[in-house]
Amino acid sequence: MLTVTADALVAADFNPRGRSRGAPLKGRGAASICSSAAGREKPRITRGRHPTDAPELSGAQTPYRHLFKLPGTRGFAASGILARLPMGMFSVSAILMISGPHDYALAGAVVATGLAATALVAPYTARMVDRHGQAKIAVPATALALLGSLALIACVHWNAPTWTLFASYMATATVPNTGGMSRARWAHLLKDDPAALHTANSFEQAADELCFMLGPVLAAFLCTTLFPEAGTLIGGLICMTGVLIFAAQRTTEPPPAGRTTARSPIRTPGIPSLVAVFLAMGAIFGSLEVVTIAYADARGNTSAAGVILGLQAAGSCVAGLAFGALRVKGSTDRRFLYCLTAMTALMALPWLTASALGSLLALAPAVLLAGMATAPTMVTAMTIVQRRTPEGQLNEGMTLAVTGLLGGIAGGSALGGWMVEHGPGPDTAGFAVPILAAGTALLLALFSRSHRTSGKTADSPAPH
């Protein structure tokens, strides 16, 4: 029975008592009746002037289930994953398709040119998405990229001049950043719920890892089982289908910002330093991939490299989902430094294992553990990007981060390859490059934190 007297809420329970006197109440600031399997405690009185700030128990226990109870979230999340899956297919598919009638050198050059074109075009595409809306821009941009893929298939199949391969693959640079658009939807829906947004960002990072884990495997299977052009063709069709379904989810789409005179987010305080950190983080992934492949090849088992690198993505995916289930507190900038420190330490495991044991079997769990630092670091970094990017420019801000990541991957791949071929010491010396890249990212983040604008907190959002 409940009754109110003056400034107190009285809860009375006349059932038999079976709990100890010291059993705590479940809440604070309101009366709670706490039961146990044996029975109920005696009546208690609590003062009711201070509201509780404890999270809802069901949401705290099952954050992902709570997340996807929001209307429309399942639709855009599933279609966003479908649209992103080919992102892990395109490079491998192009290399396998072009290297057949030509060679790996030309195939690598074409793919590198396409990545450079994407780095230039992607921020502009994202700016158009922010201004005019996701559906209005993403669909035609993806259609143009699909035409580029079809042109590349035709040029390879009919042995067109070499320059046409470069031109065709550059046309695919218009494909929109579906991961960024998906994150922008979560940021729009959960702008007043930082804990839920943390879970959403973790889910998106895990989805990225899943796509880059399954994409290369699917591409290799299609190109070797069906025909060399199958990976590029089917990947393009999957991407177009996913974007069409994603764009049809209009209820969760952020409103377009319209034409604005605002400067590019790259000129917003705090964003250039973050892009530099993303550049160093990209070098970690690019160098580790090349060095791992070379290490496996030197031991006569090149195919094992794919499995080992898949374990890195798997470790990151699992860590990302677990990280999203946590209710993180405190400064996001400080947490970012912790994540980068952990990444630097864990990236030493592959080098130590390869140097001490020289075994591919032992390298696999080391790379798995090293990968577990990736998703928490990326999730925290993207959260900082979301907070620092001005309102109405979120897609462009996150795409700039991805552009930095792509540039770092390209540079890391080149540096890792040079270390393998010309570096001093044994062939395991290349594993030092990811450690140096992670340490560089940490130093850049420390430098950025120490030189933030005075008078603003580390987590202060961009002015809106």
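The peptide list 219-228, 133-142, 203-212, 331-340, put in order of mean Cβ contacts within 10 Å with the highest first, becomes 203-212, 133-142, 331-340, 219-228.
Computed from backbone phi, the HN-Hα couplings of the range 112-129 come to 4, 5, x, 5, 5, 5, 4, 4, 7, 8, 4, x, 5, 4, 5, 5, 5, 4 Hz, rounded to whole numbers (Karplus: 6.51 cos²θ - 1.76 cosθ + 1.60, θ = phi - 60°; Gly and Pro given as x).
Estimated from the Cβ-Cβ distance and a Förster radius of 25 angstrom, the FRET efficiency linking Ala362 and Tyr64 is about 0.15. From the alpha carbon centroid of the range 340-391 to that of the range 274-304 is 12 Å. Charge tally around Leu189: other residues with Cβ under 14 Å, Lys/Arg +1 each, Asp/Glu -1 each, net +2. How high is the FRET efficiency from Thr164 to Trp418, r the C-beta distance, R0 22 Å, rounded to 0.05? Between Thr164 and Trp418 the formula returns 0.15.
Highest mean first, the peptides 125-131, 114-120 sorted by other C-beta atoms within 10 Å per residue fall in the order 125-131, 114-120. When the Cα positions of Ser182, Ile153, Cys239 are compared along the charge dipole of the range 62-259, Ser182 comes out farthest toward the positive end, with charges on each C-beta of Lys, Arg, Asp and Glu.
When +1 charges are put on Lys and Arg Cβ atoms and -1 charges on Asp and Glu Cβ atoms, the dipole computed for the range 67-195 relative to its Cα centre reaches about 460 debye. The distance linking the range 407-431 with the range 90-138 is 24 Å (Cα centroid to Cα centroid, whole angstrom). Per-peptide packing, taken as the mean over residues of other Cβ atoms within 10 Å, places 81-92, 144-155 in the sequence 81-92, 144-155 from highest down.
Close amide H pairs (under 5 Å, H built 1.01 Å from N) link Thr389 with Ala462, residues at least 5 positions away or on another chain. Measuring between their Cα centroids, the range 192-227 and the range 144-184 lie 21 Å from each other.
Each reported figure results from applying straightforward, stated rules to the coordinates on display, with no laboratory input. Keep in mind that what you see is a predicted model, and the values were worked out from it rather than measured. Note that each Cβ is placed from the backbone with ideal geometry, even for glycine, and that neighbours are counted across all protein chains shown.
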